[in-house]
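> Before anything else, here's the structure in question.
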Amino acid sequence: MTEAVSTTDQAKDLRRENTIAAYSKPFYRYLVLGILTTVYISNFVDRQVINVLAAYIIERHLGQSWARKSLRILVMDSPRPANAPQPQPTSDYQVENKWVVKALLLMEQNLSRPLATDEIALRINISKRQLERLFLADTGESLQKFYRKIRLSYALWLLQNTQRSITDIAQECGFADTAHFSRAFRSAFATRPTEYRNQ
């Protein structure tokens, strides 16, 4: 009986030690800090202020792409009124290769500042040539062509669901200027952004 109790106690102690070790990692410390701060601050300020603070903390410690992704998860790309629509849901691409999936996630995190193929390959730790070959095999399109399609789909969603200016949408989707955005949009959807919005 005593032996069974001591084994159970040892298991509980081990679980507690593993939990403490897991939560001592930097990411979890920031997560717990964020939760505690949110609970404390939520009694005094607007929720959008909390989201901005959370994004600031995440960007400071984990980088801009994490902060942008967090804002999308928090249903926010900038301070918005209560009647604003939900952000575009993450697309469900029919891809199977793990490298292509990683590249797509990285591309979605960097819509406003599109990455070169070299940079994507470097960040996911694969050669550029191998990534291009895998991407073409899994999607039937080149990486940059697919990247542009993702950016234009997001632009289409923004046109449908927001009142943001065409210039803002072009910048948000990584186009250098409105003329370039308009040409790409017309090529993809057979209409100009302004015409689409006025339909």
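> So the check is Cβ under 8 Å with 6+ separation or different chains; which pairs have a first residue in segment 125-137 that's more than 12 Å from residue 95 (Cβ to Cβ) and a second one that's not in a helix (DSSP H, G or I)?
Hits for this filter: 132/142.
> Kindly indicate the residue of segment 95-121 that is assigned to a loop (DSSP other than H, G, I, E, B) and not aliphatic (A, V, I, L, M) and also nearest to the chain's Cα centre (by Cα) among those meeting that condition. Break it down into steps so the answer makes sense when it comes.
Filtering segment 95-121 for residues assigned to a loop (DSSP other than H, G, I, E, B) gives 95-97, 110-116.
Next cut, not aliphatic (A, V, I, L, M) only: 96-97, 110, 112-114.
Values: 96: 20, 97: 20, 110: 8, 112: 11, 113: 13, 114: 13 Å.
If we take residues in segment 95-121 being assigned to a loop (DSSP other than H, G, I, E, B) and not aliphatic (A, V, I, L, M), then 110 is nearest to the chain's Cα centre (by Cα).
> Continuing with this model, one more query. Quick check on my filter: what residues within segment 138-163 are surrounded by fewer than 19 Cβ atoms within 10 Å (Cβ to Cβ) and in contact (Cβ under 8 Å) with a residue 60 or more places away in the chain?
153, 157, 161, 162 - these are the residues of segment 138-163 that are surrounded by fewer than 19 Cβ atoms within 10 Å (Cβ to Cβ) and in contact (Cβ under 8 Å) with a residue 60 or more places away in the chain.
> Can you tell me how many residues within segment 140-199 are of a type outside the set (A, V, I, L, M) and on the phi > 0 side of the Ramachandran plot?
So in segment 140-199, the residues of a type outside the set (A, V, I, L, M) come out as 140-142, 144-149, 151, 153-154, 157, 160-165, 167-168, 171-175, 177-178, 180-183, 185-187, 189, 191-199.
Subsequent filtering for residues that are on the phi > 0 side of the Ramachandran plot retains 140, 174.
Residues that pass the stated criteria total 2.
> Turning to a different aspect of this structure: Give the residue that is nearest to residue 157 (Cα to Cα), with candidates limited to residues of segment 178-199 that are surrounded by fewer than 13 Cβ atoms within 10 Å (Cβ to Cβ) and aliphatic (A, V, I, L, M).
190
> Out of 89, 81, I need the residue that is at pLDDT below 90, within 19 Å of residue 174 (Cα to Cα) and loosely packed, with under 12 Cβ neighbours inside 10 Å. Which one? Step through it out loud before you land on a result.
Numbers: 81 fails: within 19 Å of residue 174 (Cα to Cα).
On inspection, the qualifying residue turns out to be 89.
> Take the residues of segment 163-189 that are among the charged types (D, E, K, R) and assigned to a helix (DSSP H, G or I): which is nearest to residue 68 (Cα to Cα)?
So in segment 163-189, the residues among the charged types (D, E, K, R) come out as 164, 168, 172, 177, 183, 186.
Next, from what is left, pick out any that are assigned to a helix (DSSP H, G or I): 168, 172, 183, 186.
Numbers: 168: 16, 172: 12, 183: 27, 186: 28 Å.
Selected residue: 172.
> In segment 122-141, how many residues are of a type in the set (S, T, N, Q) and in a helix (DSSP H, G or I)? It would help to see each step written out before you state the result.
Let us first name the residues in segment 122-141 that are of a type in the set (S, T, N, Q), namely 125, 127, 130, 139.
Filter again for in a helix (DSSP H, G or I), leaving 130, 139.
Count: 2.
The values are calculated or read from the model by the stated rules, or taken from the named source; none is laboratory data. Note that the coordinates shown come from a computational prediction; the quantities given were computed from them, not determined experimentally. Don't worry about glycine lacking a Cβ; one is built from the backbone with ideal geometry, like all the others, and counts go over all protein chains shown.
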